[in-house]
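The values are calculated or read from the model by the stated rules, or taken from the named source; none is laboratory data. It should be emphasised that the depicted structure is a prediction, and the values quoted were computed from it without experimental measurement. All Cβ positions, glycine included, derive from the backbone under ideal geometry; neighbour counts span all protein chains shown. Areas reflect the complete protein model, heavy atoms only, side chains present, ligands, DNA and RNA absent. Shrake-Rupley method; radii C 1.70, N 1.55, O 1.52, S 1.80 Å.
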2 protein chains.
Amino acid sequence: MGELTTGRAATSLLTDHYELTMVQASLHAGTAHRRSLFEAFGRRLPAGRRFGVVAGTGRILEMLRDFRFGSAELRFLEETKVVDSTTLDWLRDFRFSGTIRGYAEGEVYFPGSPLLTVESTFAEAVLLETLILSVLNHDSAVASAASRMSNAAGDRPCAEMGSRRTHEEAAVAAARAAVVAGFASTSNLEAGRRYGVRTIGTSAHSFTLLHDTERQAFAAQVGSLGTDTILLLDTYDVDEALRTAIEIAGTDLGGVRLDSGDLAIQAHEVREKLDALGAVNTTITVTSDLDEYAIAGLQAAPVDSYGVGTRLVTGSGAPTASLVYKLVSRQDDGGQWVSVAKKASGKSSTGGFKQARRLYDGAIAIEEAVGVPNLPTDMTDGRDLTVDLVVDGVIDDSFTGAEGVRKAQHRHATSKAELPRSAHRLQDGEPAIPTVFYDD
Amino acid sequence: MGELTTGRAATSLLTDHYELTMVQASLHAGTAHRRSLFEAFGRRLPAGRRFGVVAGTGRILEMLRDFRFGSAELRFLEETKVVDSTTLDWLRDFRFSGTIRGYAEGEVYFPGSPLLTVESTFAEAVLLETLILSVLNHDSAVASAASRMSNAAGDRPCAEMGSRRTHEEAAVAAARAAVVAGFASTSNLEAGRRYGVRTIGTSAHSFTLLHDTERQAFAAQVGSLGTDTILLLDTYDVDEALRTAIEIAGTDLGGVRLDSGDLAIQAHEVREKLDALGAVNTTITVTSDLDEYAIAGLQAAPVDSYGVGTRLVTGSGAPTASLVYKLVSRQDDGGQWVSVAKKASGKSSTGGFKQARRLYDGAIAIEEAVGVPNLPTDMTDGRDLTVDLVVDGVIDDSFTGAEGVRKAQHRHATSKAELPRSAHRLQDGEPAIPTVFYDD
């Protein structure tokens, strides 16, 4: 629980320069040790979205273990004079000792939902700002898109295949976030290794083109991977490829993939021909530039599964969740908590430590109730949304690793099932339920 | 040169499942060892863009050093039965032994520019597909946006500040790509450590709010970081903050930052007041949701530098460069090269190994000449665009690390300066120069 993991790269420089100079200036002023409460939240959802999905929480906790300043990090900070020697000494001993609470991974969220709160000294909490936001903003953007896509796909499984269209490490996180939010599998092997998620694959056009004929390519694939494999049909002529595929693999062929053209028309034609050849259990996977709208448009087509790439890993038009991390209250020298909020135009924060509870009418969510800081004492119905993730520096490991992903998958399915039907409309609209703030 | 770097994480599973099963099937069929030529290129630029910027090349070479299958990787592949034992044996010994040529990092590019070609056995080249595309697609998307932004900023420096709005490792790569494409600095410390780029920072609203008064916050910052620091003015009232800032730091105050409101109007007001107070050398940095259009809109405002976040790291509307990696030719069993191309509708590749040369009228580029495979022998003018990056498995380290970034910066400045003036219009348009394919 919470021990420094040796042999892994430190995560402490995955941050902004100013986080460290603010630590220095607050150490100098004697304010670094004021207890502070920071909160990560979104002022709004991406335009038109009905809900967001929290993702990345487990990754934050995993990286918090390695958020230490070792010799390489300290040497860089010293040589480049980012901070002074007093601050270097403080960083050398740094270990997060505060408490982090928040929405558990996979939970849906709305504008103003207090997704993650960090209570610690100012210096400890401000150091984590950039890393927490990077993870939540990226992973939640992908998960929010994935949830819409898997919902549009209904009972048909979606596979994440976007690794090549995003940063190589973002690809691993995107695969993980997609699986949290309803995807059945990913093509990303590192996501399989780190998080135990199922990996899948078919083959590429290059594999067919490597061979002298398509027949030889299909024979090579089936000979090596078995008849349960998925053959790619659209390198040359789809009809001919389909006949060749069944000749080689027989009617037990696992599946075929279509990656271009009018997918709905082709899926109908391919299904008809597969059935006519007796390959009634051979599945059809489609994979060409899909998003939630394209998937919805294929509802009536005889498609068995979807492979989604670019639009998933780029958040389907919203590549960042636009979450912010704000100081909402801090203690004064007397140890009294003071709510704080900047007053510049156009940006307002609701100050104070918050409780959050989802209220229901029967089984359907009707309100995101946020107490500022407390909810009314007579509000005992609904579901408490805030869980302890780190208590006094001790990380709850059940939110991390493969276990964390599995739990988040189940949590997302449950949380999504509680939403009103309007939440699943793909057309632009308002948040599915209102966020109501309660001042006490 | 090209030795395996020990003590670093293997990069070999940052790839798609099907790359490995294609290796298996081609080993089984005896085709894995056919010499093959893959090419990374873009069919088109993002809508309306006049040029793209190649970025990430150095990172690909750095990760190629560690593209090895160690015990952890092999154990995962064995336990999950991704590939068979013959393939595991082949992967255990894997080390890229082929040749990679391409546009050097920082170079501008156009539709059809042959950005990176990999010549090796099929199995070696296909294994690298996902990693190469991940890096090029991400880094080039950011660099292409960064170039437009730094161009719109003219002589005023741009700082990259978007770490919190993208995946934590993508943030490091984004900072690097931004600097390649004209940005002066970044807030990302890890980018500073890895690539020697300049890091900078101001302070956040939370720092002001931590203190009992804005005056105490400014005094803390100036007391610790010196008068050369940048004070954030818009936590409460900008006018009052400005007066307080000069009272505390004197007229030697390094700079002020504005992060909200109408930046043009505020910049004029703040400049006037700073000058009136005698702080004529105090600079003004603006940072609120900037992109190339907002920067262009501030040309007439007395702004000294721009801090750009979200829109930069998300590629200013084009978060991926949409580059593809295609098999363009391969040898047959007799060792003869055969050009290959899939023939499905809507997607066409121009087959064959390619030369690329940029042609000029005086100092101005007028054509991207691409030979399929060769350019006309009498085409001796212009500039050869293709350089050797890896020769027979030996990596040219001068393209990697801090040195690689510095060279890429200079290369981009030179390459951009050669473009016709139309290239720098921000309005949507056609590629700045045409790509002409020469069949021999």
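Within segment B:289-316, the set of residues being outside any helix (DSSP H, G or I) and buried (at least 18 other Cβ atoms within 10 Å of the Cβ) comprises B:Leu290, B:Asp291, B:Leu298, B:Val303, B:Ser305, B:Tyr306, B:Gly307, B:Val308, B:Gly309, B:Thr314. Checked against (1) part of a loop (DSSP other than H, G, I, E, B); (2) within 10 Å of chain B (Cβ to nearest Cβ), A:Phe76 passes all but condition (1).
What do you reckon, is A:Ser85 free of Cβ contacts under 8 Å to residues at least 40 places away in the same chain and of a type in the set (Ser, Thr, Tyr)? Yes, satisfied.
In this structure, is B:Ala125 among the small types (Gly, Ala, Ser), under 30 Å from B:Ala32 (Cα atoms), open to solvent by less than 10 Å² (accessible area, probe 1.4 Å) and modelled with pLDDT of 95 or more? In short, yes.
In segment A:137-151, the residues that are facing chain B (nearest Cβ under 9 Å) and touching a residue at least 24 places away in the same chain (Cβ under 8 Å) form Cβ pairs under 9 Å with partners that are among the basic types (Lys, Arg) and open to solvent by 10 Å² or more (accessible area, probe 1.4 Å), at six or more places apart or across chains, as follows: A:Asn137/B:Arg164; A:Asn137/B:Arg165; A:His138/B:Arg165; A:Asp139/A:Arg59.
You will find that of B:Gly362, B:Gly401, B:Gly393, B:Gly382, the residue that is at positive phi and under 22 Å from the mean Cα position of the chain (by Cα) is B:Gly401 and no other. When B:Arg156 is tested against (1) touching a strand residue (DSSP E or B) at 6+ places or on another chain (Cβ under 6 Å); (2) more than 11 Å from every other protein chain (Cβ to nearest Cβ); (3) in a strand (DSSP E or B), exactly one condition is not met: (3). Scanning segment A:201-229 for residues that are touching a strand residue (DSSP E or B) at 6+ places or on another chain (Cβ under 9 Å) and closer than 22 Å to A:Cys158 by Cα gives A:Gly201, A:Thr202, A:Ser203, A:Ala204, A:His205, A:Asp228, A:Thr229. From the set of residues in segment A:188-205 that are assigned to a helix (DSSP H, G or I) and at the interface with chain B (Cβ under 7 Å from one of its Cβ atoms), which is farthest from A:Thr310 (Cα to Cα)? By that ranking, first place goes to A:Arg193.
Across segment A:244-265, the number of residues qualifying as open to solvent by 30 Å² or more (accessible area, probe 1.4 Å), within 14 Å of another protein chain (Cβ to nearest Cβ) and closer than 29 Å to A:Gly162 by Cα comes to 3. Each residue in segment A:297-317 was checked for being more than 9 Å from chain B (Cβ to nearest Cβ) and either under 29 Å from B:Arg311 (Cβ atoms) or of a type in the set (D, E, K, R) (or both), and 7 of them qualify.
Scanning segment A:206-223 for residues that are among the polar types (S, T, N, Q) and either more than 7 Å from chain B (Cβ to nearest Cβ) or free of Cβ contacts under 8 Å to residues at least 12 places away in the same chain (or both) returns A:Ser206, A:Thr208, A:Thr213, A:Gln216. With respect to the conditions (1) open to solvent by less than 10 Å² (accessible area, probe 1.4 Å); (2) in a loop (DSSP other than H, G, I, E, B); (3) touching a residue at least 40 places away in the same chain (Cβ under 8 Å), B:Pro319 lacks only one, and its number is (1). Among the residues that make up segment A:137-150, is at least one of them surrounded by fewer than 24 Cβ atoms within 10 Å (Cβ to Cβ) and modelled with pLDDT of 95 or more? No, the conditions are met nowhere in segment A:137-150. Among the candidates B:Arg34, B:Arg75, single out the residue that is open to solvent by 10 Å² or more (accessible area, probe 1.4 Å), more than 32 Å from the chain's Cα centre (by Cα), at negative phi and without any contact (Cβ under 8 Å) to a residue 24 or more places away in the chain. Exactly one of B:Arg34, B:Arg75 is open to solvent by 10 Å² or more (accessible area, probe 1.4 Å), more than 32 Å from the chain's Cα centre (by Cα), at negative phi and without any contact (Cβ under 8 Å) to a residue 24 or more places away in the chain, namely B:Arg75.
The set of residues in segment B:160-178 being open to solvent by 10 Å² or more (accessible area, probe 1.4 Å) and touching a residue at least 40 places away in the same chain (Cβ under 8 Å) consists of B:Met161, B:Arg164, B:Arg165, B:Thr166. Is it fair to say A:Ala219 is within 21 Å of A:Ala178 (Cβ to Cβ), open to solvent by 30 Å² or more (accessible area, probe 1.4 Å) and part of a helix (DSSP H, G or I)? Judged against the criteria, A:Ala219 is not a match. Among the candidates B:Asn151, B:Asn137, the residue that is of a type in the set (S, T, N, Q) and under 22 Å from A:Glu168 (Cα atoms) is uniquely B:Asn137. If we keep just the residues of segment B:366-393 that are open to solvent by 70 Å² or more (accessible area, probe 1.4 Å) and β-branched (Val, Ile, Thr), which is farthest from B:Ala173 (Cα to Cα)? The selected residue is B:Thr377. Is one or more of the residues making up segment B:92-111 open to solvent by 10 Å² or more (accessible area, probe 1.4 Å), assigned to a loop (DSSP other than H, G, I, E, B) and in the same structural domain as B:Arg311 (by TED's automatic domain parsing)? Looking for residues that are open to solvent by 10 Å² or more (accessible area, probe 1.4 Å), assigned to a loop (DSSP other than H, G, I, E, B) and in the same structural domain as B:Arg311 (by TED's automatic domain parsing), one finds none in segment B:92-111, hence no. For the residues A:Ala123, A:Ala170, the requirement of being outside any loop (DSSP other than H, G, I, E, B), facing chain B (nearest Cβ under 10 Å) and closer than 19 Å to A:Val405 by Cα singles out A:Ala170. When A:Ser288, A:Ser316, A:Ser339, A:Ser305 are screened for being touching a helix residue (DSSP H, G or I) at 6+ places or on another chain (Cβ under 9 Å) and farther than 24 Å from A:Ile246 by Cα, only A:Ser316 passes. Could you please give the count of residues in segment A:173-187 that are closer than 18 Å to A:Val54 by Cβ and assigned to a loop (DSSP other than H, G, I, E, B)? Selection size over segment A:173-187: 3. Restricting the first member to segment B:179-198 and to residues that are at negative phi and in contact (Cβ under 8 Å) with a residue 12 or more places away in the chain, and the second to residues that are among the polar types (S, T, N, Q) and open to solvent by less than 10 Å² (accessible area, probe 1.4 Å), the beta-carbon pairs closer than 6 Å and six or more apart or on different chains are B:Ala181/B:Ser147; B:Asn188/B:Ser163; B:Val197/B:Thr186; B:Arg198/B:Ser185.
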